[in-house]
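Notes for the one structure printed next.
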Amino acid sequence: MKRDPYEVIGVSRDAEDGEVKKAFRRLARELHPDVNTHDPEAEEKFKEAAEAYEILSDPERRATYDRYGFEGLESRGFASAAHGFGSFADIFDAFFGGDPFGAFGGRAGGRVQGGDVAVEVEISLADAARGTRVQVAYDMVDACRRCGGSRAEPGTEVQACTRCGGAGRVRAVSRTAFGQLVREQVCDACAGQGRVPSEPCTECGGRGVKAIRQTLDVDVPAGIADDQRLRLSGRGHAGERAGPPGDLYVIVRVTEDERFVRDGSDLVSVVDVAAPAAALGTTVSVPTLDGDEQVDVPAGTQPGTVVTLRGRGMPAIGRRGRGDQQVVLNIVVPRNLSPRQRELLSELHESLGEDNLREPADESIVGKLRRAFR
Ligand SMILES: [Zn+2]
Ligand SMILES: [Zn+2]
């Protein structure tokens, strides 16, 4: 039972050509057997995706499929090229070299930009505040160093393809129930390149490209937010036929820090203060990104009071200065009193007068509510 090509590629039925192409490229990069070594089914899935793309990228085939399904395609003589690929190397050729689906830039001979690569890194909040350097490792298709992408063994010649006369494409005529069918196909002798090396490069087997594991140091700027992407131009897959390479996207994940909540460039933290200490006045130790800081709690400090530590927050990328740290003072009422403590508190309670509980004159009830709910 074949899967619906729209489902395979992951696009809606009214998706435009560009969308289909983009989705296929993304999928193909994920599934390519050279890069995807952890999924034993990747090769089969890649063939399935290639066949789906063959159908959806051709307006006539797509319309036929939409109206009559796979049976309609079969009765019109459509046979997928994807399943004709025997070996791994053939798929590689088809995908990165030969371009039988026109997925990578259409006409043979044109320059084709390499695909983009995305890689994820995780850093701490403290590193996000300071800026850091991370090492990323990813699999990519690189130009072969030995032949420099020419596909020929160094010192040997590259000649025009005799099968297609250098055009990269050949016309195939077949007789079908519907009459004579002429299809232009990529030349399989030169894989669409128009030229063939007389002696294929021994390093890349004449493909001009190689899958390699790339390791790179990446500078993460101070102030980066969770999920932000850094673009490293030209660090993606190698281009084809002298096309430029694609880009590398580094997706930065900033892990949560249990001491702080990030609010834009501000950090918010909470510190407990025992109610008697808040009444008497005290000093508390507050963790900041720059180490612990002593903060004065004046006598009579009320629950919900927020102390602002200027410049102890996060920087903003490319800007000077840092945000603030807002320290919420959580006044804790004592529990589990001993008999002696009860006695002392009762005495205190009885001694409290109007003057001890009245709000300061400059704070209205509205101001108090505002402070409580900020
Ligand atoms: Zn080579
Ligand atoms: Zn040829």
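Couple of notes before you dig in:
- Some residue of the stretch 332-339 being in a helix (DSSP H, G or I) and loosely packed, with under 15 Cβ neighbours inside 10 Å: yes
- Some residue of the stretch 245-252 being open to solvent by 70 Å² or more (accessible area, probe 1.4 Å) and either touching a residue at least 12 places away in the same chain (Cβ under 8 Å) or more than 16 Å from ligand 1 (Cβ to nearest atom) (or both): no
- Qualifying residue in the stretch 170-186 (condition: touching a helix residue (DSSP H, G or I) at 6+ places or on another chain (Cβ under 7 Å) and part of a strand (DSSP E or B)): yes
- Some residue of the stretch 194-203 being assigned to a loop (DSSP other than H, G, I, E, B), within 16 Å of ligand 2 (Cβ to nearest atom) and either on the phi > 0 side of the Ramachandran plot or modelled with pLDDT of 80 or more (or both): yes
- Matching option when the condition is outside any helix (DSSP H, G or I) and at pLDDT 75 or above, among 20, 11: 11
- When 277, 242, 299 are screened for being open to solvent by less than 40 Å² (accessible area, probe 1.4 Å) and either of a type in the set (Lys, Arg) or not in a strand (DSSP E or B) (or both), only 277 passes.
- The one condition from (1) over 30 Å from residue 112 (Cβ atoms); (2) open to solvent by 30 Å² or more (accessible area, probe 1.4 Å) that residue 229 does not meet is (1).
- Annotation for the stretch 184-197: no member residue is away from ligand 1 (no atom under 16 Å from the Cβ) and under 30 Å from residue 255 (Cβ atoms).
- Residue check, residue 153 open to solvent by less than 80 Å² (accessible area, probe 1.4 Å), at pLDDT 90 or above and within 16 Å of ligand 1 (Cβ to nearest atom): yes
- The stretch 184-205: number of residues that are surrounded by 16 or more Cβ atoms within 10 Å (Cβ to Cβ) and under 17 Å from residue 164 (Cβ atoms): 11
- Long-range neighbours under 9 Å by Cβ, at least six apart or interchain, first residue under 11 Å from residue 188 (Cβ atoms) within the stretch 156-178, second in a loop (DSSP other than H, G, I, E, B) and modelled with pLDDT of 85 or more: 168/161; 170/163; 170/164
- All of 207, 163 fail the test of being part of a loop (DSSP other than H, G, I, E, B), within 16 Å of ligand 2 (Cβ to nearest atom), modelled with pLDDT of 85 or more and of a type in the set (D, E, K, R), apart from 163.
The values are calculated or read from the model by the stated rules, or taken from the named source; none is laboratory data. Source: prediction; values computed, not measured. Note that we place each Cβ from the backbone using ideal geometry, even for glycine, and neighbour counts take in every protein chain shown. Surface areas here come from the heavy atoms of the whole protein model, side chains and all, with no ligands, DNA or RNA. Shrake-Rupley method; radii C 1.70, N 1.55, O 1.52, S 1.80 Å.
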